Amino acid sequence: MRNGSTAPKPEKRSAVQAQAACVCGAVRLEIDVPGVWAWHDHGEASRKAQGCADATYVGSWKSRMRILAGDAHLTRFEDAERRTTRSFCAGCGTPMLYERARSPKIVNIPRALFTSRTGREPRYHMNLGEKPDWAWSGGPLVPLKGYPGVLWERPKRKKPADAIDSLFSAED
């Protein structure tokens, strides 16, 4: 362009995008594939925000994420103590975005919201020290008789009571 005028810069996009949406469909977004990284967060804050044993996120550069619809439906919760911000769909409550002050150029999106591959597998685990004792630990599962499709983890065998009693006998 001449005379000092500038044309708007074309939007940088990868050839492939992955789309995500909330439960009611009011909020839709996309990221350029591949995402930056994917990870499992076992921390208490994510567990409570997501309502599950651990939350799995896909990180994206903010510049490579676009809200396609429903920006006005997003509501935010800012946690000053943890220096994080979480955005939810105001209509259905679906957690949509998780931002951390220490990573200001990245936005994390729950992996479950995507309908296709994001280019990253979740290979990282964060906050394992906060993992609840009731979460499945990856032990073997067996079919539950009479309930097709249901698997269960057998309880660990307890030591017989007399064996435990002998450990605490007064004859020592």
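None of the figures in this text is laboratory data; all of them are computed from the coordinates on show. It should be emphasised that the depicted structure is a prediction, and the values quoted were computed from it without experimental measurement. Here the Cβ positions follow ideal geometry from the backbone for every residue, glycine too, while neighbour counts run over all protein chains shown.
Assorted remarks:
- Extreme residue, nearest to Asn127 (Cα to Cα), among residues of the stretch 28-71 that are hydrophobic (A, V, I, L, M, F, W, C) and over 17 Å from the mean Cα position of the chain (by Cα): Val33
For (1) crowded, with 19+ Cβ neighbours inside 10 Å; (2) touching a residue at least 40 places away in the same chain (Cβ under 8 Å); (3) in a loop (DSSP other than H, G, I, E, B), each residue gets a yes or a no:
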position	(1), (2), (3)
Gln19	no, yes, no
Leu29	yes, yes, no
Gly35	yes, yes, yes
Ala38	yes, yes, no
Gly59	yes, yes, no
Arg76	no, no, no
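- Residue check for Leu97: among the hydrophobic types (A, V, I, L, M, F, W, C), over 21 Å from Tyr124 (Cβ atoms) and assigned to a strand (DSSP E or B): no
- Of all the residues in the stretch 141-152, those that are in contact with a strand residue (DSSP E or B) (Cβ under 8 Å, 6 or more places away or on another chain) and assigned to a loop (DSSP other than H, G, I, E, B) number 3.
- Of all residues in the stretch 78-111, those satisfying the criterion of being buried (at least 17 other Cβ atoms within 10 Å of the Cβ), in contact (Cβ under 8 Å) with a residue 24 or more places away in the chain and not hydrophobic (A, V, I, L, M, F, W, C) are Thr84, Arg86, Thr94, Pro95, Tyr98, Asn108, Pro110, Arg111.
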